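Here the structure is laid out as structure tokens; the discussion comes afterwards.
The values are calculated or read from the model by the stated rules, or taken from the named source; none is laboratory data. None of these values were measured; they are calculated from a predicted model. Every residue, glycine as well, gets a Cβ built from its backbone with ideal geometry; the counts of neighbours run over all protein chains shown.
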Amino acid sequence: MINKMKNIDISYKDFIPALSGLIGKIALVTSFALVWAQELSITNPDFVLENVRIEILIGSIITLIASFLYPNAAPAGTLAPLVVLIPVMSAFGVHPLILGITVGVLGILAVRSGLFKYLLDLSGFTCKTSITLTFGISGVWMSIQKLYAFFDEKKHVFWILTVVLIIVYLILFYFKK
């Protein structure tokens, strides 16, 4: 394991996706916690902050341990389309802690039993790409709708923000960053 770690080079460029991932994770966990708080009628003002703090702490520890054990593996992410399902899960009485434990136990069982590898082999590149595109397009579409509704009376700010983000993306794409 230590010999595998010697070949890993870390440069300042690695912090750009790490920082964007951290910002995305905080935004996602915040939206999860806000919906849970709303659906479960939680009025504690620190609920969202504490959820974000513990999620980042647990995620960081798991990522560090996983990177030392399996340096070539990519950590799994949280699916943003699940945010839409939170009110339904909450209506059926699903608590976030129980959901997290259940997903974790099922994940460990799937990996240990070999079912996960079988599912990866069964689903080809086309299937994985189409699922990623479906979730990506639905997430982008939902985000655009929410942003458009957020800038209700100041639509010009929405369009300026959209154009600036597209220009920044094109510049980063041009310089291959």
**Asked** Is it true that PHE158 is farther than 26 Å from LYS13 by Cβ, at pLDDT below 75, part of a helix (DSSP H, G or I) and of a type in the set (Phe, Trp, Tyr)?
**Response** no
**Message:** Is it the case, given these coordinates, that ILE61 is closer than 26 Å to VAL35 by Cα and modelled with pLDDT of 80 or more?
**Reply:** yes
**Asked** Somewhere in region 39-50, is a residue modelled with pLDDT under 80, surrounded by 11 or more Cβ atoms within 10 Å (Cβ to Cβ) and under 13 Å from the mean Cα position of the chain (by Cα)?
**Response** no
**Item:** Those residues of region 110-128 which are modelled with pLDDT of 70 or more, of a type outside the set (Lys, Arg) and surrounded by 11 or more Cβ atoms within 10 Å (Cβ to Cβ), in sequence order
**Value:** ALA110, VAL111, LEU115, PHE116, TYR118
**Message:** Being under 23 Å from SER138 (Cβ atoms) and at pLDDT below 75 narrows it down to one residue among LEU79, LEU34; which is it?
**Reply:** LEU79
**Item:** Complete set of residues in region 1-31 that are among the basic types (Lys, Arg) and either modelled with pLDDT of 80 or more or in a loop (DSSP other than H, G, I, E, B) (or both)
**Value:** LYS6
